[in-house]
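Undergrad: Encoded as structure tokens, here's the structure I'll be asking about.
The values are calculated or read from the model by the stated rules, or taken from the named source; none is laboratory data. Predicted model, so just to flag it, every value in this text is computed and none were measured. Cβ placement follows ideal geometry from the backbone for every residue including glycine, while neighbour counts extend to all protein chains displayed.
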Amino acid sequence: MKFPPHSGYHWQGQSPFFEGWYVRLLLPQSGESFAFMYSIENPASDHHYGGGAVQILGPATKKQENQEDQLVWRTFPSVKKFWASPRQFALGHWGKCRDNRQAKPLLSEEFFATVKEGYQIHQNQHQGQIIHGDRHCRWQFTVEPEVTWGSPNRFPRATAGWLSFLPLFDPGWQILLAQGRAHGWLKWQREQYEFDHALVYAEKNWGHSFPSRWFWLQANYFPDHPGLSVTAAGGERIVLGRPEEVALIGLHHQGNFYEFGPGHGTVTWQVAPWGRWQLKASNDRYWVKLSGKTDKKGSLVHTPTAQGLQLNCRDTTRGYLYLQLGSVGHGLIVQGETDTAGLEVGGDWGLTEENLSKKTVPF
């Protein structure tokens, strides 16, 4: 399968700069999910906020009131121990390693003997281990890509269209994998998970910093409709130095791709500070409605900002999502629901200091 556009690392000396990658692993039988978030900031090392991090949002091992997920994370201050391919979805960052060897792609059988704390994604092999206090995570799995972004029988497309190749939008955004299958294992705290054909989703962002405000929805497991997947996002981005509110919805179903957003129809939304996501979109051929909700508190995660990593984003991987897709003049094409949706709000999307920390994380 061809790599989608923007798969490679975008840094070419810019400062300030960040690039972040998100990989979600879902075990359909149990509904348990693990979201891996990798990031690098200011790799030129000429800025106070320079370094990298890995965060993993997984099942809470000690059930707290109204909470089902917990975050394990680790920062890696040295940008010299980070590597990434300029052409492919491949990267790694070492925290602690044997012999202080240079960061570079390793054979899978060499990784754990060499890297005591860190991660790598190389040749569709995902590996890593981190420790955060008394919490730890260790993982190794291989991903088989199935659907990227766009019609499956055509070349993968840029999520933001051909204009994304010009220095217009900040930040950039690309769906790397709408659906794939993973085979391998993961040790989360004291629990050992082994899986075959687990579902995978992946995306990335890059630029000066995350938007000042945004929302996001993602799901690729609808029990009654195998292969159905959807990603939606909206918020405020910078276009040629000016803020612009924009939203996009992309949906794959039975070999077809349905896209709504700039140049592909209109999108309207009502998104609460937390708990409710309502989106509608249409173009001259199709329409879609998305309704997401959660009564859980969600979990705070870090995102890159111009002032470094901050806890300014709230997530759940156990949200409810109801989807309807129809053809104009011909009725409903598909409707489905799932309770394993990823739901998110971030930045100043109505969030206050009362429920969202703005503390900067030093590398």
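Undergrad: In segment 50-95, what residues are loosely packed, with under 15 Cβ neighbours inside 10 Å and either at pLDDT 95 or above or of a type outside the set (A, V, I, L, M, F, W, C) (or both)?
TA: Those that are loosely packed, with under 15 Cβ neighbours inside 10 Å and either at pLDDT 95 or above or of a type outside the set (A, V, I, L, M, F, W, C) (or both): Thr61, Lys62, Lys63, Gln64, Glu65, Asn66, Gln67, Pro77, Lys80, Pro86, Arg87.
Let's see how each residue does on (1) without any contact (Cβ under 8 Å) to a residue 24 or more places away in the chain; (2) assigned to a strand (DSSP E or B); (3) within 21 Å of Ile121 (Cβ to Cβ):
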{"residue": "His10", "(1), (2), (3)": "no, no, yes"}
{"residue": "Tyr22", "(1), (2), (3)": "no, yes, yes"}
{"residue": "Leu26", "(1), (2), (3)": "no, yes, yes"}
{"residue": "Gln29", "(1), (2), (3)": "yes, no, no"}
{"residue": "Phe34", "(1), (2), (3)": "no, yes, yes"}
{"residue": "Ile40", "(1), (2), (3)": "no, yes, yes"}
{"residue": "Pro43", "(1), (2), (3)": "no, no, yes"}
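Undergrad: Out of the strands (runs of 3 or more DSSP E) lying entirely within segment 265-363, which hold 1 or more residues that are at pLDDT below 95 and surrounded by fewer than 22 Cβ atoms within 10 Å (Cβ to Cβ)?
TA: By residue number, 299-305, 308-327, 331-347.
Undergrad: Right, next: Every residue in segment 210-230 that is hydroxyl-bearing (Ser, Thr, Tyr) and more than 15 Å from the chain's Cα centre (by Cα), please.
TA: Ser212, Tyr221
Undergrad: I would also like to ask the following. Being surrounded by fewer than 21 Cβ atoms within 10 Å (Cβ to Cβ) and within 22 Å of Ala178 (Cα to Cα) is the filter here, so list the residues in segment 236-258 that pass it.
TA: If the condition is that a residue be surrounded by fewer than 21 Cβ atoms within 10 Å (Cβ to Cβ) and within 22 Å of Ala178 (Cα to Cα), then Val246, Ala247, His253, Gln254, Gly255, Asn256, Phe257 are the ones that fit.
Undergrad: Mind checking which pairs have a first residue in segment 258-274 that is of a type in the set (D, E, K, R) and a second that is at pLDDT 95 or above, Cβ under 7 Å, 6 or more apart or different chains?
TA: So the pair list comes out as Glu259/Gly250.
Undergrad: Can you spot a residue in segment 84-93 that is touching a strand residue (DSSP E or B) at 6+ places or on another chain (Cβ under 8 Å), part of a strand (DSSP E or B), over 18 Å from Ile56 (Cβ atoms) and not charged (D, E, K, R)?
TA: Within segment 84-93, the subset touching a strand residue (DSSP E or B) at 6+ places or on another chain (Cβ under 8 Å) is 84-85, 89-93.
So of that shortlist, the ones also part of a strand (DSSP E or B) come out as 84, 91-93.
Subsequent filtering for residues that are over 18 Å from Ile56 (Cβ atoms) retains 84.
Then keep just the ones that are not charged (D, E, K, R); that gives 84.
So far as segment 84-93 goes, yes, one or more of its residues are touching a strand residue (DSSP E or B) at 6+ places or on another chain (Cβ under 8 Å), part of a strand (DSSP E or B), over 18 Å from Ile56 (Cβ atoms) and not charged (D, E, K, R).
Undergrad: Then there's this: Which condition does Ser209 not pass, out of (1) touching a residue at least 24 places away in the same chain (Cβ under 8 Å); (2) surrounded by fewer than 16 Cβ atoms within 10 Å (Cβ to Cβ); (3) outside any strand (DSSP E or B), if it passes all the others?
TA: Against the list (1) touching a residue at least 24 places away in the same chain (Cβ under 8 Å); (2) surrounded by fewer than 16 Cβ atoms within 10 Å (Cβ to Cβ); (3) outside any strand (DSSP E or B), Ser209 comes up short only on (2).
Undergrad: Evaluate the following for Leu228: is it under 16 Å from Ile175 (Cβ atoms) and modelled with pLDDT of 95 or more?
TA: Judged against the criteria, Leu228 is a match.
Undergrad: Could you tell me which numbered condition Gln55 fails, if it satisfies all but one of (1) touching a Lys or Arg at 6+ places or on another chain (Cβ under 7 Å); (2) part of a strand (DSSP E or B); (3) within 23 Å of Asn220 (Cα to Cα)?
TA: (1)
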